[in-house]
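Working notes for the structure below.
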């Protein structure tokens, strides 16, 4: 009997500690995630959970351990001790308060059982409140809405690229597409259209003035971020396929990760059919978040990643910096591959993805000048200058005359703290720049658009003619025709994308002929 009571007591203590730990873990984790990674969607969490596990930057893991796990454990232990002491003090005793009111001695008696159960109810209430708060913060209710509420928005606005007449130019142009991690127009100074007092984009400012920057204002600007497009893979899919990446329960249940959007028809597939050589280069692992699967299934890219650099003897097997190898090496290796591709008897599509400016504070390379008080500003300024230097190098090559360069951010930066002092009414946008386009600068200012519109716009910049100027959910921005965001507004598009789309599930995920129910 005594052993059973002891075991029951131990179990109660374990559950008490776990409850307290869970409260502080949820509080710390939600604050940490939003602080460093922005408003992360539950869909993105699911995407990462079901993606292959590969090595990524260790900084985020270290921050999580020291800023979430250890504090949660510490507060859990402290409050467990306080709670146990409290219960021990009041055990089998009523709590009596004595005070004098208008010369009358008053004694207030709170029975032991009331205190006991009140404390337990308080702990449980705080626990459930924080679970609810975190669920709401990470968009779980939006995800549930996607499983319940049905929308025909995508079906009504999707233009199947396979059904559109796309006419190739007489002379095919090379495409160099540079995805710069978390690159925003916000980094410009206020007088140029940015959100800061200083111009962290000085390296790209001359190029932006001389070429086409599609903007939401009459100054430098960019694409508004649709909620579904806020992480790297979703950003790449949007820019090359003109669609959101919707990971619903349908997608998980029907083997989304055995094939990546089977019914999708992407930019690289169009260029492949037109005889292009295609390479995608990155300084990280290609398998992270299924990037390799998308790139191989939709364009058959030759992928050059961290492991490729080791295989080629560019870096040692034990070399690992940030997400793999730093951008300075990436740019040098890119020059070698671009030169090689330019000597082939085919047009080429070369894409590159940087990582130095990744959340939270970026990776500051040793040669970068220290101009500003915080690390991220120095990283952005240095990295942007390096991107500009790569562009200037390309412009000196003999193949440049017939080459279009596109510079874009993959999504907005996830370090919310960095933007806390900018004007709250300022609209942060994803940067874009079209250099040496086949089409002169036109219809580029005071536009409302998303990165999905870059799919047909990139094709147009290469000299392709698109019947109707729309592909998937994107609009050719050169055409001046209304984008989805201009037609419906960002809130409407976000809301409709949160809902279930039978068309998307059947047509785009499964690649089957759509049959409405």
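General remarks:
- Boolean, residue 355 is within 26 Å of the chain's Cα centre (by Cα) and surrounded by 15 or more Cβ atoms within 10 Å (Cβ to Cβ): yes
- Within segment 182-207, the set of residues being crowded, with 23+ Cβ neighbours inside 10 Å and touching a residue at least 40 places away in the same chain (Cβ under 8 Å) comprises 182, 183, 184, 185, 186, 187, 200, 201, 204.
- Screening residue 325 with (1) touching a residue at least 24 places away in the same chain (Cβ under 8 Å); (2) under 30 Å from residue 264 (Cα atoms) gives one miss only, at (2).
- Helices (runs of 4 or more DSSP H) completely within segment 123-226 that count 3 or more residues being under 25 Å from the mean Cα position of the chain (by Cα) and at pLDDT below 95: 140-148
- The set of residues in segment 260-305 being more than 25 Å from residue 456 (Cα to Cα), at pLDDT below 95 and in contact with a strand residue (DSSP E or B) (Cβ under 8 Å, 6 or more places away or on another chain) consists of 284, 285, 286.
- Of all the listed residues (367, 363, 372), the sole one being over 24 Å from residue 238 (Cα atoms), under 23 Å from the mean Cα position of the chain (by Cα) and either outside the structural domain of residue 461 (by TED's automatic domain parsing) or not in a helix (DSSP H, G or I) (or both) is 363.
- Segment 387-413, residues that are closer than 24 Å to residue 239 by Cβ and surrounded by fewer than 20 Cβ atoms within 10 Å (Cβ to Cβ): 388, 389, 392, 393, 395, 399, 400, 402
A quick yes/no check of all residues on (1) buried (at least 16 other Cβ atoms within 10 Å of the Cβ); (2) in contact with a strand residue (DSSP E or B) (Cβ under 9 Å, 6 or more places away or on another chain); (3) closer than 17 Å to residue 240 by Cα:
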| position | (1), (2), (3) |
| --- | --- |
| 428 | yes, yes, no |
| 435 | yes, yes, no |
| 439 | yes, yes, no |
| 446 | no, no, no |
| 454 | yes, yes, yes |
| 459 | yes, yes, yes |
| 469 | yes, yes, yes |
| 485 | yes, yes, no |
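The values are calculated or read from the model by the stated rules, or taken from the named source; none is laboratory data. Predicted model only: the values in this text are computed from it and were never measured. So basically every Cβ, Gly included, is an ideal-geometry build from the backbone, and we count neighbours across all protein chains shown.
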